[in-house]
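To start, the structure itself, in C-alpha cells.
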Amino acid sequence: MQRLEGLHRDVIERLRALADPTRLNGMTRCGIATEHAYPKRTRATRQEEFVKRAGFVLMAGLTVVDKCAPDEHFAAFLPLVARAADDERNFVQKAVNWALRQIGKRNPHLNAVAIETALALQRSQDPSARWIAAGALRELRSRRVQDRLDVLR
C-alpha cells in the first residue's frame, strides 16, 4: 500500500510539472498572472511545493510578456526570490532561479539589481541559495546577455 501511495505522489508531481507551460502561457497572456504574482497576493510565499513554484513561474513569465510594466514591479519580486532561495525542493529551486534570471535579462537596470541579489545569495550558508546564485550569475554576466543589454542602453 505504501508503494502505491508513493507512486501516486510521483504521478501527481509529474502532472503538476506539466502544468507549468499552461500556467505560463495562459495566465500571463490574459492578465490573470498579475494578481497572482505581484507581492501583495503572491503564490510564491505559500508552502505547497507546486503552488510556490507556480508563483515564480508567473514572475518569470510576466518579466518576458508584460512589456509595459515598470521596473519597480519586477524589482519587487527580488525580495521574494531572496526569501525563497533557501527552499531545498528541486522544483522550487529551479523556478526561483528562472525568475531571478528572467528579471535580470529584462534591461540593464534590472540586470544590475538581479546581480546584486545573486551576489547576496552567493554569500549565504545555504547550499540551495548558493546554487541559485551560481546559475543566475553565470547567465546574467555572460557575454551573450551583456551584449544584448548593451543594445538596450
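The values are calculated or read from the model by the stated rules, or taken from the named source; none is laboratory data. What you see is a predicted model; the values in this text were computed from it and never measured. Every residue, glycine among them, receives a Cβ derived from its backbone with ideal geometry; neighbour counts consider all protein chains shown.
Results, tabulated for the structure shown:
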| read-out | value |
| --- | --- |
| Of all residues in segment 113-126 being over 22 Å from residue 61 (Cβ atoms) and without any contact (Cβ under 8 Å) to a residue 24 or more places away in the chain, the one that is surrounded by the fewest Cβ atoms within 10 Å (Cβ to Cβ) | 125 |
| Hey, residue 90 closer than 19 Å to residue 43 by Cβ, among the polar types (S, T, N, Q) and surrounded by fewer than 21 Cβ atoms within 10 Å (Cβ to Cβ) or not | yes |
| Those residues of segment 76-106 which are in contact with a Leu (Cβ under 6 Å, 6 or more places away or on another chain) and in a loop (DSSP other than H, G, I, E, B), in sequence order | 85 |
| Residues satisfying the stated conditions in segment 76-103, i.e. of a type in the set (Gly, Ala, Ser) and more than 11 Å from the chain's Cα centre (by Cα) | 76 |
| Search result, residues across segment 62-86 that are at pLDDT 90 or above and either surrounded by 20 or more Cβ atoms within 10 Å (Cβ to Cβ) or aromatic (Phe, Trp, Tyr) (or both) | 63, 74, 77, 78, 80, 81, 84, 85 |
| Count - residues of segment 35-57 that are assigned to a helix (DSSP H, G or I) and modelled with pLDDT of 80 or more | 9 |
